[in-house]
Structure formats: C-alpha cells, structure tokens
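*Asks:* Okay, here's the structure, questions in a sec.
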Amino acid sequence: MGKLKKKGQAGQAKNYMTRTQAVKKLQLSLPDFRKLCIWKGIYPREPRNRKKVSKSSTASTTFYYTKDIQYLLHEPLLQKFREQKTLEKKISRALGRGDVGDAARLERNAARPDQTGKPRYTLNHVVRERYPTFIDAVRDLDDCLSMLFLFANLPSTSAVPAKMIARCERLCLEFQHYLIKSHSLRKSFLSIKGIYYQANIQGEDVLWLVPYKFNQRVVGDIDFRIMGTFIEFYMTLLSFVNYRLYTSIGLKYPPKFDQTMDDQAAELAAISLEGANLATAGETKAITNGEEQKIDPKVQAQVNKLVKQLRNEANGEKPDEQMGEDGEDDEEKATDALDKFEPVAPGGDVLLQPSYSGNDPSQLFSKFTFFLSRETPRQSLEFILRAFGCKRIGWDPILGEGSFTTDESDPSITHQIVDRPVVQAAMDEEEGDGEDNQTSRKLGPNQRYPGRIYVQPQWVWDSVNDEELKSPELYAPGAALPPHLSPFVKPTQGQYDPTIPLEEQQTEGEALDAEIEEAMEDGDEEAGEESEVENDMDVASDNDDEDEEEGSDGAEDEEEEEEDEDEDEALERQRELEAEISGKAVKSKQLDAKTKANLDKKKALEKKKKEEAEDLERAKGMLSKKKRKLFEQMQYTNNKKSAEDVKLRSKRRKLDKEKAAKKA
Amino acid sequence: MPVLRSKSGNTDAPSQYKQPSRKGKKAWRKNVDVTEITKGLDELNTQIIATGGVLADKPSTELFALDVKPDTTIAKKFPKHISKGLKADEIIAARSAVPAVSSRKRPAGDKTTDGVLPVKRQRKEYVTAKELRRLKKVADGQHDSTVAVVDATYDVWADPEPAPVEQELENFVPKKEQPKKPKTLHEAPISLSANGKPIPAVAKPKGGASYNPDFTEYQERLIEESEKAVEAEKKRLAELEQERIKLEAALRSAAEAEAAEARADLSEWEDDSAWEGLESGGEELSVKAKKPRRKTQPERNRIKRRKEEERRLKHEAAMKKKAAQEHRIKQIALEVAEKERQMALQKVELDDADEEGDDENLRRRQLGRYRLPEKDLELVLPDELQDSLRLLKPEGNLLKDRYRSMLVRGKMEARRKIPYKKQAKTKITEKWTYKDFTLE
C-alpha cells in the first residue's frame, strides 16, 4: 500500500483559490482586486469538480488559479493600491477626529505627486506583459477600439468624466489618421446598432463598432467603475499601438493637436501629422484639405487671386464642358490615360482591355471632390472617403470646422451626398418663391448644380465594400436603394447570392429544369385554347406556388415541394386519362427539338446523379458507424440548405421573367 | 597692513567676544537701549523719503552738480513773489521720492511683504462643504482614477537593450530573479457560449442587421426573433397560470380548514346530546362468533374454479402488459434514435456553421452569483424600416452590449447594482413603565 494522501493537500484543491481567499492573500479591497484582475488579465476559472476544490457549499463562488494570484503578489501596482488604502485610512481617521483640514491636506498631497515626489503610476509595463508582441496587441484590438469609440461618443456624466471622453476621442482620431494615411481601411457596414469598420493592420483584420452620433443613452444597470477600469487600460494600449503605427510609417507621435479646431468640431482636421525625422519635423503635413492651419495673409491673397483666375478661365472658356457632361463622364475622360489595346487587323485577337476596376481600391475616391449636405453623417463619411483616397471634402458649415469648402456652389465639386426626400414638383410650383427655409435661400428645393453627381450616403459604403464605384443612378436621391448587404458574411459554395446574376450561380440541373418548364408553359399557352380543364389545373398549381412562397419554414416547404412533385405526376396521369376518354393521342403537345434535347440532357444528368449516389452509398459502407452517421447528418443539412437556395433562385427566375415580360 | 592676506576669514588677531554679559536684568530686551538704532533708522527713512535712497550709498555725481553759469533769465521773467511761490503751496506740493504703495488688492496666496507689516493670516484650514463631501467619498474608497494616462513616448514592443555582461568575479551579490509568469496566466477566459467556443469581441454582423436589409435576410431574422418573443410570452403566461393555481389551492385549503373548524364547533354541540341521554347503543354492533364447519364438495369445486379463473385473468393481464411494454420499448428506441439524430445534426450544424461561439445561446452554469443580463432585442420593426440613413432609428444600446460582451467572454463575473446598503432592521416596541399606569 502506498502512502496515504490527505484530502485537500494536492491537486485541484491546491490549484484553485476562491475570490475571498485571493483578496485576503493580496490584502486588497474587493474593488481594487477587480481592477487589478482586469488590468492584468486574470479571469475567473472553473474547476472540473467544485466539491473537491471548495469546502463551502455555495455554488456561486468564483475561483482563480492559485498560481495567478501568487504571481499577482509581485505586481508593482499592488504597492500603489496599498498606499492608496493607507491614505484612505489616514483620511478617514482625520475625518473621524474632526480634523477636516488635516484630511484635506493629506488628500491634496497625495493628489500632487510632483510635489511629494511620489510618481503616479502608469500601466505601461502591463501592456508589454499582456501583449508580448505587437501583433498580439493588434489581434486584441477589436474590443479596445469598440470601447474607446463608444466612450468617445458618450455624454459626460459624473461616472464618465469629460477628461476621459476627450482623451478617448483624441486617441480614436489619431488611430483614424493612421488608417487614412496607410489606406488600411477595408470594409464598412451600416447596421441598426452602429457602423462597423474593418481594417487590415499588418495582416491582421481588426473589426470594430462605432455608434451613431448623439444616440447613447446611459442606463443604470452598467457598472461604470468596471468600464472605466477597462477604458484606462485600453487608453494606454491604444496610445502605444498608435505610437508603433505612426513610427512604422515615418510619422511623429503624438501628432499636433489643435484645441481650438477641436472645439469647433473639426474632428479629424484638429490633428496635423508631422514627419518623424528631424529634417522634416518643422513642416506639418496638412492632411485635411491641403490647407495650412495658420495662413499667411499675403500668401492667401495671392492664392485666392490665382484660384479666381483659374475659375474664371474654366467658367469663361469651357462652359460647355462644365455644364454639359455628367461629372462621372468628366472624370472618366479627364483621367482616361490608359492605353487601349486594339486589334491590329480586323478579325485579329481581341485583347483584354485594362480597366479601372482593377485599380488600387485605396484610391477609389482620389479624383473626386465631395460635398456633404447637412443631413448626412459627416464623421463617418469623412473618415471613409479620406481612407479611400479622397483629398477634398466640403460640407455645410453646420457640420463643423475643417472642410475643404463650405460653399455648396463651388465648381470643383464632383459629387454631392444628399439624404433628403425629393420634394414634390407640384409643391415646388405652388411655393415658387416662398423662401422660408434655409436651403431655399441658396437653391430651390429640387434644383441641382449641373455637372455634379448626387448620391445617397449608401453609395459610399457599397462602393467601398465592393471595391468599385457603384453606378450612381441606383443611389440617386429619391431612388429606392438596393439593399445594403453585410460585407462580413462569407458566401458558401452554391448559396444563393442576390448580387450575382442567376446564370452564374444556378446548377446545371436547375437551368435545364427552368428551360424545360419554360418550354412546357409555352406549350400550355398554345394548348390552352384546346382544353379548359388543363388551364384550371394550371391555375391551381400556380396558387400552390404562391402558398409556398408565403410559407417560411424550410422543412414545410420541402414537404410542399414533394407534394408538388406528386401533384405533377397526378396531373400527368389526369391528362392521360382525359386523353383516353376523349380518344386523342396522349401527347397532344408538340415538343420541339430543343425541349427534347433538354429532356434528354436532364435524363442523362439524373442517371449520372443516381450513379454518383450509388458510389457514395458503397463508399459509405466502408466507413465506421460513427463517421457514417456524421456524414449522413452533413448530407442532410446540406440538402436542406441547398433546397432553400434552389427555392430562392427559382423565385428570382420568376421575378426576372416577369420583369422581362413587362419590358417586352 | 600686511601684504599677504588670506582671501577669506578674519584677519584680525584673536580676541574676546565684545558682547557684554547676557546675564542679569540689563540684558533683557526691554532694558536694552535701542534709541540710537531707532534714531538712525528714522533718519534713514527720512532720507529715503526725501531723495529715494540712502544718501551715503549714492555716488557723488547724483548728489552734487557743478553749476557754473547762473540762469539770468528767470529773474527777469517772473516777479520775485510769484517765482518764489507761497509756502502753503510748497508744503502741499511736496512729494515723497519713494513711489506710493499701490492700493490694488492682492490675492490671498500672495505672501510678498515689505518685512515691516505682518502678513494677514489666512484661514487655511477652512474646507468647503463640497470638498468635505468629496473627502468623505475618498475615505470610502471612491476616488478618481490614479492611473496617469500619458501619451506614449516610446515603443513598448521594441526589443530591450541587452544588459551589459557583468564580470562575475566582482559581483558577489546574486542577481535578483524576476518572478516567472505562470502558464495559466495566458489561458483564455472561459467562454460562456453553449458550445464552449470563444466568443469574438465584436461579432461579424449578419445581413439582417443592416439598416436597409435584403428582404429575405430581414424576414428570416424577423421570424426568428418573433418566435423567440412568442416563446418567452408563453413561458411568462404559463408561470402566471402556475402562480394563480397555487394561490387558488391555498385559498381553497384555507377555506376547507375554516369549514372543518366550524364543523368541529358544531360537533361540540352534538356532544352535548350525550349528556341528555340520547346516545345510541354500542352493543348492537358486536359480531357473532363464526362456528367452524367442513367444506362441501360443491363448495370446493366452486373455489377451485374461481381460483383457476383468477389465475387465467392474471396471466392475461400480465401478457397484455408485456406486449404494451414491448411496444413502448420500440417507441422509446425510435425516439432515442431521433433525438440522437437531432443532437448530431445540431452538432454538425454548429460545427460547420461557425467556429465561433455566439452570445445568444449560453451555457447553463454561469460565473458568479447573478444571472447575465438579457441581450437587447436589436430589430427594427417592419413599420419602422426606413431605407434612408437619415430616418434610421438606431436600435440597441452599445454600452449594455459592450458590458454584456465582457461578461459573456468570461472576462469577469456578472454584477448587479445594489442601490442601497443593507440597513439594520429596526424593531419598534412600545415601552411600558409603571408610570404609565395609575391606580385609582
């Protein structure tokens, strides 16, 4: 017999520690312990067997790894927490005695570390410890960015001080500047919650969520002390990440921050980037609009003169070019620098033409000048446009400082983003010159500046996500917008995708089916005059189809489909019977050659499928029982899904057909 | 005078202290005659007032001027009495050469003084009520953040410079060892999702969450959410029903108890009748003793037949039961197979659908004492669906969302706000003393 082991001396009982034990061991208060755990990344754990670990019977005890807690004992922050605790004790003692002045002095001295010589503590060392490499930090940036962007948009309260909010905002702006400079923004999505952004930073995809402006309700059931703790850590982290990112592209960190611009809601324009090396340190790179922050009046006057001259030239000499063409065309022509490959001789090889779609997506908007109407979300639009290469963005003065121009009639504007409804023409006539609102002073409600493209904001998002400029007609003001799809959903094989034409996604069998059906319907129409009964049946089956559309459950639909098949067979039989009664030949309908060929093809396909299924069955026999079951399940789900996709595609086919019929 | 002289220190010959004795009343401050000193100081003061400085300190060029030529024009210009002026005017016009002390009020903290007048003592100890409240809070542990968040000025991830290799010979003191990080420190937190896979910090949004969604995606989502809502409502109603039934049963039992009590009261009255001699006799109920007798043959046969019949019935019942059980077993087997299939299906679906856990289906056992907060319903209803960004009414609360995400990812345990501290229960009693009663 081996040595007897005592209970609770080894194994799980020693590996875990309850929260109370940990707090006692570290000599901290519970809130301080929570803070430390959040900063150091120590999470509650779950032992495999609670009974073996804790002597108490409470089911809700939280456990930690003993080794984690042991390691926390070495933490330099612990000393700071303890100092704070002693200070609290001193203050409360003084207050208890009635020495209010003493208490105030103690507190004052502690709050002025520069005078007492005790430095305030930072979380710098924790950042390195938790993220040993930079890539680790980037991988974990999702949460950090979401939190900071959220707090940057919160109203200041007693729980969330204004200082913290300002700091968050600044860090976020710095980060956005990096994304703009490095063109690393990839996708963005307008959801009902907020705006999602995805960027690619050094090969890592970072996804974060930014709330819409002025929307945050601060609710009571959130522990702001804990959120604040996270924010403190994340602020330190993002600051270091920003430093690294800025230095990686040769910029100085921290960039210059202009408080007065920020007070005037300049947002991105409040920060001006500087080169890192000493030679270029002096010159500030104005990222905003090519405008310097401090303008020399003399230079400005000269520039104004020049611009005026240029504009006069443009207006006077080539007015037709300005007014006559669409902005889009203008752009195309102006930048049509690519050579066209033309066949040397007639009938020669036709070469693939170089196209702009293959261009660098990060320079998508680089040739345009945008103007944002006052009802559009400026912050997000500005960020996205700049990140995709746009240099000149103007907006209504209501939207804040830092725009390229606040003048809506600026002739250099190529695109205007509007999001207001089109006013009815009748109203326009009635009112005529009743100018009571602000816009009508400048321009009539429905009037447009010629030579400019008007689009709704969604155009920007859809263009960015598809990495090509979408056709602006679809997004014209007042037009019914196409659905805004999520760019984060990865399409799977054979799945229905509304953005791709039907021909590219349907399977061979489906296409054949569709053609045969079409041919049959044509035949029906011809034969319709002959027998009314058939027509009635057709109507009935149509109704069934509609029912099917209304149905939602996949399984139900499947059943119905099966029923449909049955019905089809029944129909066939009915026809035969009728033919017998009326004494006609069974196949009254003339099948043309094409349909026949299709039918043959279909038969061949079915045969092939059958063979494949048999092969599969045989192969399945080789598998173990467990694996076979799993395989069957997989097949089952796949079939279910593909059935749904087939249904969707058939629906689309129907719609397309209707559209074609309408057009014809 | 000596030619060589040290640069510092006293060069005179050593001598006794010139100070007279400090002992005795003569040495007291009030007995020391300082008139000479005060006189000198007064004189200095008058000099300063008259000329703006001490005469002795001034260079002679300032004090004296060489007036070589007489100004002859003045006498001619003015008559003698006017040029001389009145004595009263002269007195009034006399001004001190020292500029006047400005009458501007100085801030309290300014402690500049001329050294003559004492500084007005400030009430430094005064603490405003607001400050006091804050102090009390600080003493209670609710202080502002003590973390200094400053702009990063260096790269944390840069490789540290290699420490200079020290010569081991000279270094007797062993190097301080850094604590080793435990492996457990880098373990991922427990994900609270049902499938145990890590939940992403920001889930990738599905198409149904779009502000201008595709119809099919939106419909799918709407149906899913509405089914959930219906389920929840059904559950709620069922609970209500349960409650109601419980309450009714309680009421009924209470009523029954009351009735029983009332009956008991009544029976007391009935008992009284015994006293009146109306009691029914108990002797009539007594059973007569059975006499032993031999069974006849027909009786035996009857008994035998009955027993046979009973056995048969019993056997039939048993057989029936067995058949039913067999049937049931078959059913159960089918059910189990179906269930297994479903489970496997679910597993497969989960496996191939997402490698990430979702924050909707959570596991049963959660961290901490409190339940996780429910996820907000983030859905725009069909009648509120707009295709314009301007008209969009954002749904959900991001603050709550972030908070819940932290909890669901197992970064910490759920907490609940406790708005009031638990108060000690007070029991109110009336106090009776002998003084409250009076005897008459």
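*Asks:* Could you say which residue among A:Tyr43, A:Tyr71 is in a loop (DSSP other than H, G, I, E, B), open to solvent by 10 Å² or more (accessible area, probe 1.4 Å) and facing chain B (nearest Cβ under 8 Å)?
*Replies:* Values: A:Tyr71 fails: in a loop (DSSP other than H, G, I, E, B).
Within the list A:Tyr43, A:Tyr71, the selection yields A:Tyr43.
*Asks:* Among (1) within 12 Å of chain B (Cβ to nearest Cβ); (2) surrounded by 15 or more Cβ atoms within 10 Å (Cβ to Cβ); (3) over 30 Å from A:Ala111 (Cβ atoms), there is one condition A:Ala13 misses while meeting the rest; what is its number?
*Replies:* A:Ala13 satisfies all of (1) within 12 Å of chain B (Cβ to nearest Cβ); (2) surrounded by 15 or more Cβ atoms within 10 Å (Cβ to Cβ); (3) over 30 Å from A:Ala111 (Cβ atoms) except (1).
*Asks:* Please find, within segment B:12-65, the residue that is modelled with the highest pLDDT out of those that are of a type in the set (Lys, Arg) and surrounded by 10 or more Cβ atoms within 10 Å (Cβ to Cβ).
*Replies:* Kept after step one, since they are of a type in the set (Lys, Arg), are these residues of segment B:12-65: B:18, B:22-23, B:25-26, B:29-30, B:39, B:58.
Applying the additional criterion that residues be surrounded by 10 or more Cβ atoms within 10 Å (Cβ to Cβ) yields B:26, B:39, B:58.
On the way: B:Lys26: 76, B:Lys39: 93, B:Lys58: 87.
Top of the filtered list is B:Lys39.
*Asks:* Kindly indicate the residue of segment B:358-409 that is closer than 29 Å to A:Tyr43 by Cα and open to solvent by 70 Å² or more (accessible area, probe 1.4 Å) and also farthest from the other protein chains (Cβ to nearest Cβ) among those meeting that condition.
*Replies:* B:Asn361
*Asks:* Do we find a residue being under 37 Å from the mean Cα position of the chain (by Cα), touching a residue at least 60 places away in the same chain (Cβ under 8 Å) and assigned to a helix (DSSP H, G or I) anywhere in segment A:14-32?
*Replies:* Taking segment A:14-32 as the starting set, the residues that turn out to be under 37 Å from the mean Cα position of the chain (by Cα) are A:31-32.
Narrowing further to those that are touching a residue at least 60 places away in the same chain (Cβ under 8 Å): A:31.
Narrowing further to those that are assigned to a helix (DSSP H, G or I): A:31.
Yes; the residues of segment A:14-32 include at least one that is under 37 Å from the mean Cα position of the chain (by Cα), touching a residue at least 60 places away in the same chain (Cβ under 8 Å) and assigned to a helix (DSSP H, G or I).
*Asks:* If I filter segment A:79-112 down to residues being of a type in the set (Lys, Arg) and either closer than 13 Å to B:Glu131 by Cα or not in a helix (DSSP H, G or I) (or both), which single residue comes out as least open to solvent (accessible area, probe 1.4 Å)?
*Replies:* Residues of segment A:79-112 that are of a type in the set (Lys, Arg), as a first pass: A:80, A:82, A:85, A:89-90, A:93, A:97, A:105, A:108, A:112.
With the extra rule that they be either closer than 13 Å to B:Glu131 by Cα or not in a helix (DSSP H, G or I) (or both), the set shrinks to A:105, A:108, A:112.
On the way: A:Arg105: 105, A:Arg108: 113, A:Arg112: 87 Å².
The selected residue is A:Arg112.
*Asks:* Six or more apart or on different chains, Cβ under 8 Å: which pairs go from a residue in segment B:175-196 that's facing another protein chain (nearest Cβ under 8 Å) to one that's β-branched (Val, Ile, Thr) and assigned to a loop (DSSP other than H, G, I, E, B)? Could you list them?
*Replies:* Listed by first residue and then by second, the contacts come to B:Leu185/A:Ile42.
*Asks:* Here's a check for you: in segment B:207-238, which residue that is within 7 Å of chain A (Cβ to nearest Cβ), of a type outside the set (Phe, Trp, Tyr) and buried (at least 16 other Cβ atoms within 10 Å of the Cβ) is farthest from A:Leu485 (Cα to Cα)?
*Replies:* B:Thr216
*Asks:* Looking only at residues in segment A:125-146 that are β-branched (Val, Ile, Thr) and more than 8 Å from chain B (Cβ to nearest Cβ), which one is farthest from the chain's Cα centre (by Cα)? Write out each step before concluding.
*Replies:* Residues of segment A:125-146 β-branched (Val, Ile, Thr): A:126-127, A:133, A:135, A:138.
Next cut, more than 8 Å from chain B (Cβ to nearest Cβ) only: A:126, A:135, A:138.
On the way: A:Val126: 31, A:Ile135: 22, A:Val138: 18 Å.
The selected residue is A:Val126.
*Asks:* Taking the condition modelled with pLDDT of 95 or more and within 8 Å of another protein chain (Cβ to nearest Cβ), does A:Tyr121 pass?
*Replies:* Numbers: modelled with pLDDT of 95 or more: no; within 8 Å of another protein chain (Cβ to nearest Cβ): yes.
Judged against the criteria, A:Tyr121 is not a match.
*Asks:* What number of residues within segment B:100-113 are modelled with pLDDT of 70 or more and open to solvent by 90 Å² or more (accessible area, probe 1.4 Å)?
*Replies:* Filtering segment B:100-113 down to residues modelled with pLDDT of 70 or more leaves B:100-105.
Remaining after also requiring open to solvent by 90 Å² or more (accessible area, probe 1.4 Å): B:100-101, B:103-105.
Residues flagged as modelled with pLDDT of 70 or more and open to solvent by 90 Å² or more (accessible area, probe 1.4 Å) within segment B:100-113 amount to 5.
*Asks:* Give the number of residues within segment A:23-37 that are aliphatic (A, V, I, L, M), within 13 Å of chain B (Cβ to nearest Cβ) and surrounded by 15 or more Cβ atoms within 10 Å (Cβ to Cβ).
*Replies:* Going through segment A:23-37, the residues aliphatic (A, V, I, L, M) turn out to be A:23, A:26, A:28, A:30, A:36.
Then keep just the ones that are within 13 Å of chain B (Cβ to nearest Cβ); that gives A:28, A:30, A:36.
Now restrict to residues that are surrounded by 15 or more Cβ atoms within 10 Å (Cβ to Cβ): A:28, A:36.
So the answer is 2.
The values are calculated or read from the model by the stated rules, or taken from the named source; none is laboratory data. Every value quoted in this text rests on a predicted model; they were computed, and no experiment measured them. Ideal geometry is used to build each Cβ from the backbone, glycine not excepted, and the neighbour counts take in all protein chains shown. For accessibility, only protein heavy atoms count, side chains too; no ligands or nucleic acids. Shrake-Rupley method; radii C 1.70, N 1.55, O 1.52, S 1.80 Å.
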